[in-house]
Amino acid sequence: MSTLLADTIRKTGGTAGVDIRVKNTSVYESDGGTSVTQNLVQGLCKAWAKTNAAGTSIDDSNNVASLTDNGAGDQTITMTNAMGNALYAVSINIQTELSGRSFLRIDETATSTTVYRTGVYAGSAYTDSQVGSAVIGDLA
């Protein structure tokens, strides 16, 4: 086996880091030295967003086009690029301390592959909170 050491990798006639492709079934070596075949593209986060405490705007994001505030603690996120199907996973977390019992709701919209909805319920009502969300799955 050969080892390639480089500071910059370029496509022929390209600029640094442009159009370099890694196949879905790439083999990588873990920290323990074990070679593993892994679908690199499947393991990447396809979209993420961090909303403000009022739930009215996006503080930062990737592959997210817009946020719709559906009312207290209820947000719809629209992704820029569609997912391949409605079988993607969404992970969300609250970034604001809430009193009482609270839970998060993820309402994936099966009829659309570009929209997911989040909700925060604390005590006895939906409430606004900073929400972080991440989408994992196949892009279209």
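Since every read-out is calculated from the coordinates, none of them should be taken as a lab result. The shown structure was predicted, so the numbers you read here are calculated from the model rather than taken from an experiment. Don't worry about glycine lacking a Cβ; one is built from the backbone with ideal geometry, like all the others, and counts go over all protein chains shown.
Per-structure values
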{"item": "Dipole in debye (nearest 20) - the stretch 45-136, about Cα centre, beta carbon charges: Lys, Arg +1; Asp, Glu -1", "result": "200"}
{"item": "For Thr68, net neighbour charge (Lys/Arg +1, Asp/Glu -1) across residues whose Cβ lies under 10 Å away", "result": "-1"}
{"item": "Selection from Gly84, Asn52, Ala65 lying farthest towards where the dipole of the stretch 45-136 points positive, charges on Cβ", "result": "Gly84"}
{"item": "Relative contact order for the stretch 45-136, counting Cα pairs under 8 Å that sit 6 or more residues apart, in percent", "result": "37"}
{"item": "Ranked Asp7, Asp128, Asp107, criterion: other C-beta atoms within 10 Å, fewest first", "result": "Asp7, Asp107, Asp128"}
